[in-house]
Amino acid sequence: MEKTEVQEYNEKLEHIDDISTVQAELEEEDDSPIEEVRVTVTNTDDTSLPYNTFRMWFLGLAFTAAISFVNQFFFLRQIQITIGYSVVALISLPIGHAMARVLPTREFSIFGWSFTLNPGPFSLKEHILIGTMVSCNTYSAYAVDIVLLQNVAIFYDERKPFIAGLLLVWTTQITGFAFAGALRRFLVKPAHMVWPATLVYASLFRSLHASSTRTKEDEGRTSRMKYYLLVTLGSFTWY
């Protein structure tokens, strides 16, 4: 007996309901059991946001070179000056928005690869990637202390070639990143894992991009950006 159009339509609806149920279960499984994390970090991904852009690479490399030089230079001084991760997050935001207004939007083609300098508004993903690039170089590498102890006269006074010290710093840093990548599925990917220091910066980025991450549930409430600015103004006045 052939199926009627109504039966086929009902089966399709049931299939769609099953898919929606599975998606809801996966999202719930991927959501953190800790309320503070659920409020700060979303478990969904907006694939429409640009991230691998000229703005991201330009600002990320520029800030990484500048911040790492300044922090390493003053690391060896009696009065140390350290430019932190949050400073870059605040400075790069208006620059990113300015580049989104100034850069041309037309497409360029090089060796069959087309790209544009300005894919649209400065996105949250671009901002986070810039901050991530800088955070990897904000503080001096631990191996630099070994190089200093070997070369300074008041300690070991063992003059080593520059390439030896450079390779020591590179290998130790790359080893650390390799361990981080290997253990990511155990220490980062599970929803119940919490990194308090990273959670603070996740909240900062969501606050700075509050207008783009605002949902219907947030209507009638004070926006994250407004709250952040009020707290910043209050802290500046108090201290």
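What follows draws every value from the coordinates through simple rules; no lab data is involved. Predicted, not measured: the structure shown is a model, and the values here were computed from it. Note: ideal-geometry Cβ built from the backbone for every residue, glycine included; neighbour counts use all protein chains shown.
Tabulated data for the structure shown
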{"quantity": "Hz values of 3J(HN,Hα) by residue in region 100-106 - Karplus curve (6.51, -1.76, 1.60), Gly and Pro given as x", "calculated": "5, 8, 8, 5, x, 9, 6"}
{"quantity": "Relative packing of 162-172, 47-57, which averages over residues the other C-beta atoms within 10 Å, highest first", "calculated": "47-57, 162-172"}
{"quantity": "Highest-first arrangement of 178-187, 99-108, where packing means the average Cβ count within 10 Å", "calculated": "99-108, 178-187"}
{"quantity": "Cα gyration tensor category, rounded, prolate or oblate, for region 33-72 with a/c compared to 1.5", "calculated": "oblate"}
{"quantity": "Rounded to whole Hz, the Karplus (6.51, -1.76, 1.60) HN-Hα couplings of region 157-173, x for glycine and proline", "calculated": "6, 10, 5, 10, x, 4, 5, 5, x, 5, 5, 4, 5, 4, 5, 5, 5"}
{"quantity": "Residues in region 56-70 that a label on Trp113 would reach, taking backbone N under 19 Å of a point 7 Å out along Cα→Cβ", "calculated": "56-62"}
{"quantity": "Under-5 Å amide H pairs with Thr116, H placed in peptide plane, nonlocal only", "calculated": "Phe108"}
